[in-house]
Amino acid sequence: MTVMTAKVSQKGQVVIPAAIRKAQNIKTGTKLSFEVEDDEIIIKKVPSSLNWDKLVKDIPNEKVEFDQKGHYDATQAPHFDEWMKENE
């Protein structure tokens, strides 16, 4: 893991270091999401429609039944379960 620092401007803006922008292909217009977990801020790229197309193309084609809490039985949908674990 590489750690880099940046300073917050008076307007609350932070510049993402060039090395990170290049490595993560972050360009003008790239959307980012921010999650707060305890005292950490997690920044992630929001998947583009092209990313979603590639992702859903590989979803296994098997019937998956979800309960009211959104859970499924991995033994009844093993390919879907494997796909879910690979794409966490």
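Please work out which one of (1) part of a strand (DSSP E or B); (2) more than 24 Å from ASN87 (Cα to Cα) is the condition ALA19 fails and give its number.
Failing condition for ALA19: (1).
Looking only at residues that are open to solvent by less than 70 Å² (accessible area, probe 1.4 Å) and outside any loop (DSSP other than H, G, I, E, B) in region 48-74, which one is modelled with the highest pLDDT?
TYR72
Is it the case, given these coordinates, that ALA23 is without any contact (Cβ under 8 Å) to a residue 12 or more places away in the chain, more than 13 Å from the chain's Cα centre (by Cα), open to solvent by less than 90 Å² (accessible area, probe 1.4 Å) and closer than 22 Å to MET4 by Cβ?
Criteria met by ALA23.
Per-residue answers, yes or no, for (1) at positive phi; (2) open to solvent by 90 Å² or more (accessible area, probe 1.4 Å):
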position: VAL3; (1), (2): no, yes
position: GLY12; (1), (2): yes, no
position: LEU32; (1), (2): no, no
position: ASP39; (1), (2): no, yes
position: VAL46; (1), (2): no, no
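Confirm whether ALA77 is small (Gly, Ala, Ser) and surrounded by 12 or more Cβ atoms within 10 Å (Cβ to Cβ).
Criteria met by ALA77.
The values are calculated or read from the model by the stated rules, or taken from the named source; none is laboratory data. Just so we're clear, the structure is a prediction, and the values are computed from it rather than from any experiment. All Cβ positions, even for glycine, are placed from backbone atoms using ideal geometry, and neighbour counts span all protein chains on display. Heads up: the accessible areas ignore ligands, DNA and RNA and are worked out on the full protein's heavy atoms, side chains in. Shrake-Rupley method; radii C 1.70, N 1.55, O 1.52, S 1.80 Å.
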